[in-house]
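Beneath this line is the structure, given in structure tokens, with notes to follow.
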Amino acid sequence: MSEVIKIKRGLDIRLAGKAEKVFGQAALPEHFAIKPSDFHGVVPKMVVKVGDKVKAGTVLFYDKYRPEVKFVSPVSGELVAVNRGERRRILEVVVKTDGQEEAEQFGAAKPADLSREEVIEKLLNAGAWPFIRQRPYDVIANPNETPKAVFVSGFDSSPLAPDYDFVLSGQEKYFQAGIDALKKLCDNVNVGINHEAASKVYNSTKGAALHSFQGPHPAGNVGVQIHHTMPINKGETVWVTQPQEVIAIGKLFEEGVYDANRIVVLAGSEVEKAGYFRTKVGASISTLVKGNVKEGNLRYVSGNVLTGTELEDDGYLGFYHSQVSVIPEGDYHEFMGWALPGFGKYSVSRSFFSWMCSKKEYRLDANMHGGERAFVVSGQYEKVLPMDILPEFLFKSILVEDIDKMEQLGIYELAEEDIALCEFVCTSKLNLQSILRTGIDLMIKELS
Amino acid sequence: MKALRRLLDNIKPHVQKGGKFEKFHSTFDAFETLLFVPDATNKNGVHVRDSIDMKRTMAVVVMALVPALLFGMWNTGYFHFQSLGQEVGFWAEFLHGALQVLPIVIVSYVVGLGVEFAFAQMRGHEVNEGFLVSGMLIPLVLPVDTPLWMVGVATVFAVVIGKEVFGGTGMNIWNPALIARAFLFFAYPSKMSGDLVWVSGLTEGEGVVDGFSGATPLAEAVSGNIDKFSLMDSFLGFIPGSIGETSTLAILIGAAILIYTGIANWKIMLSVFAGGYVMALGFNAIGMNALMEVPAIHHLCLGGFAFGAVFMATDPVSASRTEKGKWIYGFLIGVFAILIRVFNPAYPEGMMLAILLMNTFAPLIDHFVVQGNINRRLKRAKVNA
């Protein structure tokens, strides 16, 4: 193992409601949904119709622009709804489970015995390809390309994130099989591990290079880890995936079925009993949160509070998410809030008197705490972005749609999650993640 | 509180689009957000945000200015009664000073905010908080005897030409408060320099005791009388000067607040002082005229140097926006401030011009820092290829 890479800049937001490492009991919900909006740039073409019977692994829709990339049902049952939004855009493809756990059979195989093409085909057919995303652009990988490396971040440093040591324990066999499969895609497979964690599963894994990281969030972001080990230059791609997805890939090869099982952490200040739950990709969160949250106007988030998507209390877990966060909505007017001493207010600056209690855990809500302004304060973003990138200048180049500058300033290395902390600390309350996404979309459009 | 909220909620429909008083939308909005932090919640992107906003940021800077303001009030009274040869005690001095200074502060705020509100309304923007600080900075860099109408004219000039023509807070090239100062300095030099304007009432000259001079230490230094005020006097602020600039100590208290809260950049402050010190030290070694021989540390306590370093140079909008650039930017301000002061005694206020000059060059400094970043990335790509 190489030396420890110390991440100095960043921020661990001390949120209340951390989950204990115990499994909570919750029944599986009736409804599951795959949301095309989880896959950036994908235009869904439906394969099944409302009323059709599906099994776990049955194709629900594919990508119009890349038909080989298929999206499958997580459970067996019946397709009950295709919910559409503005301009008939498909928002949710809802499957009602029949509780039978029937699954499409794709055939077990040792990745080592297959060719690269066969591995890719298997992943595509079984609906496991969307687990593999690429940098730059943070979109589903192009199966016709060969990346320079595959990178898996073995830990999540974001607020209230799941502890993968706990989540993965006992699944060594599948993780190894998953890594073996990834190794067929590209010989250079890397796993970023947390220097402070035991990382039992990773240390016993063969065939992957381990990189040890230490420091505050976003040290666990795969983009940051790539930046510090094998920065992406123009024309290069790195494929990335997450630990539980490696396991799903492993199970596909070991057992020949599409495995939609996920362990998710339910956390946040408004959760009564925060803990880990066994559920599936796209599961409705209703059974998790019902009776387990506090009173009040709440915000449910699939994923962490920095990058996740807002849900209703019966919304569906995002495809890539292993976390559900519940925080107060915070839609209140606060009298003279900007002028009060602010003993209980969280801020990176010490402009509120909360610096007097440094160990406190905060119950943050979704209030913006101010109005949107132009860029005024400088040097804020750099402090929470541990990369050799000048974020403000990059954002400005995106706002003026200067493709060359965006490229020169390192847009290939960034995904929205990497700059989420910049957005968190921004005094001007700018929506930096949307700005970056606009830039990425522009790059995709202009350069493809 | 609730009644106030209800009142605002009742008025709101009338000032929103389509309402009877649509014209006052920005104005209403400014007052509403001043009284209540809005209930807007994060929609896409992060779900939680840091509690800090622009109002808080500006409020902290204004707080940091308070020591300099209060000291300036006392200083005004102190020299006023000195000039009359009277001993009246601390409170009478403070009260006199307050009565001289407050009208200037009020004029600056009323005029400046008036212009800001008008522009916000014309553009359909929210009112920006930037002027909360500028409105305090303008009085503090002026001599106490500045006529109020001049304060008003300078404020209008600063807000309109210094800021709004560029698009408002965040878009301006120069520090608006210094634009006000520079405008008065070049438009009405007789009211901005000389030996009389620094002490209240001295311009009229009624009842002034014989031999009293209201000259600033810098003016004294030009004629070789730097020893008239000791280093300690200059540091504590027992010297005549612009309202807020006299006490280096009070300014440093403000600096401590700004640095501790993380609102202003310590790199800029430190490098301005370093630049000034190094430059002055260099001049000490040559020592060709009286100002060159002023001890380096003494230079830093005179004129607007400390005030400029702490409150003016650190304005994030007009300063360099890259971290490396901030070191260069600050250092050069220090260097130029002393350079101008020493070689052109007609402009003893070298600090103002040095900051405006470096404001102009800050984008150029940033350009090279950004280019450095770009080159590193290109080099990395070439090594790998």
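The values are calculated or read from the model by the stated rules, or taken from the named source; none is laboratory data. Model, not experiment: these values are computed from the prediction. We place every Cβ from the backbone using ideal geometry, glycine too, and count neighbours over all the protein chains shown.
Points worth noting:
- Of all residue pairs spaced 6 or more apart or on separate chains, those with beta-carbon atoms under 7 Å, a first member in region A:184-205 that is among the aromatic types (Phe, Trp, Tyr) and a second member that is crowded, with 19+ Cβ neighbours inside 10 Å are A:202/A:154; A:202/A:191; A:202/A:193.
- Residue A:95 being over 21 Å from residue A:175 (Cα atoms), touching a Pro at 6+ places or on another chain (Cβ under 8 Å) and surrounded by 23 or more Cβ atoms within 10 Å (Cβ to Cβ): yes
- Qualifying residues in region A:9-44 (those that are surrounded by fewer than 17 Cβ atoms within 10 Å (Cβ to Cβ) and among the β-branched types (Val, Ile, Thr)) - the one nearest to the other protein chains (Cβ to nearest Cβ): A:43
- Taking region B:318-351 as the range and being closer than 23 Å to residue B:253 by Cα and surrounded by fewer than 24 Cβ atoms within 10 Å (Cβ to Cβ) as the test, the residues that pass are B:327, B:331.
- Exclusive hit being over 34 Å from the mean Cα position of the chain (by Cα) and at pLDDT 90 or above, set B:47, B:14: B:47
- Restricting attention to region B:347-384, the residues being modelled with pLDDT under 90, in contact with a Lys or Arg (Cβ under 8 Å, 6 or more places away or on another chain) and within 14 Å of another protein chain (Cβ to nearest Cβ) number 1.
- Test result for residue B:304, touching an Asp or Glu at 6+ places or on another chain (Cβ under 8 Å) and without any contact (Cβ under 8 Å) to a residue 40 or more places away in the chain: no
- Subset of region A:312-331 (residues that are crowded, with 22+ Cβ neighbours inside 10 Å and within 11 Å of chain B (Cβ to nearest Cβ)): A:325, A:326, A:327, A:330
- Test: residue in region B:353-367 that is under 20 Å from residue B:162 (Cα atoms), among the acidic types (Asp, Glu) and surrounded by 17 or more Cβ atoms within 10 Å (Cβ to Cβ): no
- Residue ranges of helices (runs of 4 or more DSSP H) in region B:181-288 with at least 3 members away from every other protein chain (no Cβ under 14 Å), of a type in the set (Phe, Trp, Tyr) and surrounded by fewer than 15 Cβ atoms within 10 Å (Cβ to Cβ): none
- Restricting attention to region A:315-343, the residues being assigned to a loop (DSSP other than H, G, I, E, B) and in contact (Cβ under 8 Å) with a residue 60 or more places away in the chain number 4.
- Residue that is farthest from the other protein chains (Cβ to nearest Cβ) [pool: residues in region A:346-376 that are farther than 30 Å from residue A:393 by Cβ and assigned to a loop (DSSP other than H, G, I, E, B)]: A:359
- Residues of region A:394-428 classified as outside any helix (DSSP H, G or I), facing chain B (nearest Cβ under 8 Å) and surrounded by fewer than 21 Cβ atoms within 10 Å (Cβ to Cβ), total: 1
- Test for residue A:334: is it charged (D, E, K, R) and facing another protein chain (nearest Cβ under 7 Å): yes
- Filter pass, residue A:20 being assigned to a loop (DSSP other than H, G, I, E, B) and of a type in the set (Asp, Glu): yes
- Subset of region A:381-393 that is more than 8 Å from every other protein chain (Cβ to nearest Cβ) and within 18 Å of residue B:45 (Cα to Cα) - its residue that is surrounded by the fewest Cβ atoms within 10 Å (Cβ to Cβ): A:391
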